[in-house]
Amino acid sequence: MTSFTLSRRLLTLSAGAVAAGLTLAPTFASAADDFPSKPIEIVIHSSYGGGTDVTARMVSLRARKELDTDIAIVSKRGGSGSSAQEYVMSKPADGYTLLALTQTHLYTIAQGKSKMGINDMVGVVRAMDDPTFITVGKNSKYKTIDELVAASKTTPLNWGVAQIGGTEHIALARFAKAAGIKFKAVPFGSGGEMIQALLSGDIEATLPNVSEAVTQIEDGSVNALVVLSAKRLAGYPDVPTSVEKGWDVKASTTRGYAVRAGTPQAIIDKLSEKLVKAMKHEMFATYLKGSGLTPEDSVAGTVEWDKQLKAEYVESEAALKELGIIK
């Protein structure tokens, strides 16, 4: 009798648990269905008017319509991105606060300068993937990447970079390791100064992005010898890739968006879907094309973008250690 009574009670409890589960399931679904129900913030680490801000504003123009809510761009400057990261970490993991990501954030995290770790974020969408060229001046004696590499095997040539420990410097270190060359990194305060040094012969090569080099390549003042990519660029079909030359090095300047880890997956997926749609609209596509880029090569959803930024973090951390920037 006791056994029967216990079994019946267990059956009753199990049925209640199932009913509760069925009751809860729509709650999670409706959270994504109702999202967003208030304005969204995109947090940038730089000044208003800079590249990160402009890109975020171009994204938000169409994203407001797709998400049917207002989007505010919020600047939290300081600490090479750590102030923006800590602001995002102070907010709930609910999808209403997006961090505008550049490589600067990865370098800051890798150097332990932030309370945010790489696994504290989830990539939602990539807005821009701006591949890196290796370029020389129009009067350079190096006409191919093979000639430049051969000359660099024994003698360290001067390469221009924006800053020590920055994106170009890390790309150069990774390329040098793969190609087995020596180099001397020469930092410049501005891109204009770097181009002048390249044309005058004070430096032998630079590593600009497509968007930075498009004008100089088109007017013939610089020559692109290789693009650090897996596939050739539609706009530059004659420029070989690093991968096809046998160097497994890919480098680009990326801009994308992330939310805090712990944000419901349904909300991440909805954000990704709507933002990708906004970025493939003619409005944002025109913005990309003005920089020599296309939505097809630049825009990516959460699966591809999150995987890319986590892999790039590992590569960047290793390069910073090899350069002695991380002890």
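The values are calculated or read from the model by the stated rules, or taken from the named source; none is laboratory data. Owing to the predicted nature of the structure, the values given are computational and were not obtained by experimental measurement. All Cβ positions, even for glycine, are placed from backbone atoms using ideal geometry, and neighbour counts span all protein chains on display.
Rundown of residues vs (1) under 21 Å from A230 (Cβ atoms); (2) in contact (Cβ under 8 Å) with a residue 24 or more places away in the chain; (3) not in a helix (DSSP H, G or I), yes/no style:
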position: G292; (1), (2), (3): yes, yes, yes
position: A311; (1), (2), (3): yes, no, no
position: V314; (1), (2), (3): yes, no, no
position: I326; (1), (2), (3): no, yes, yes
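Name every residue in the stretch 233-255 that is farther than 16 Å from M128 by Cβ, of a type in the set (G, A, S) and in contact with a strand residue (DSSP E or B) (Cβ under 9 Å, 6 or more places away or on another chain), in order of residue number. Result: S242, single match. Could you please let me know if M116 is surrounded by 12 or more Cβ atoms within 10 Å (Cβ to Cβ), aliphatic (A, V, I, L, M), in a loop (DSSP other than H, G, I, E, B) and modelled with pLDDT of 95 or more? Yes; evaluated as a whole, the condition is true for this residue. When L199, L207 are screened for being closer than 15 Å to S252 by Cβ and either surrounded by 15 or more Cβ atoms within 10 Å (Cβ to Cβ) or under 23 Å from the mean Cα position of the chain (by Cα) (or both), only L207 passes.
So for the stretch 202-219 (the condition being out of contact with any Ser or Thr (no Cβ under 7 Å at 6 or more places or on another chain) and of a type in the set (G, A, S)), does at least one residue qualify? So far as the stretch 202-219 goes, no, none of its residues is out of contact with any Ser or Thr (no Cβ under 7 Å at 6 or more places or on another chain) and of a type in the set (G, A, S).
Of the numbered conditions (1) closer than 28 Å to V214 by Cβ; (2) under 16 Å from the mean Cα position of the chain (by Cα); (3) modelled with pLDDT of 95 or more, A63 fails exactly one; give the number of that condition. Here A63 clears every test but (2). Based on this model, can you work out whether S114 counts as of a type in the set (G, A, S) and in the same structural domain as S190 (by TED's automatic domain parsing)? It is false that S114 is of a type in the set (G, A, S) and in the same structural domain as S190 (by TED's automatic domain parsing). Restricting L275, L288, L271 to residues that are part of a helix (DSSP H, G or I) and in contact with a Gly (Cβ under 7 Å, 6 or more places away or on another chain) narrows the list to L271. The sole residue among T253, T263 that is part of a loop (DSSP other than H, G, I, E, B) and among the hydroxyl-bearing types (S, T, Y) is T263.
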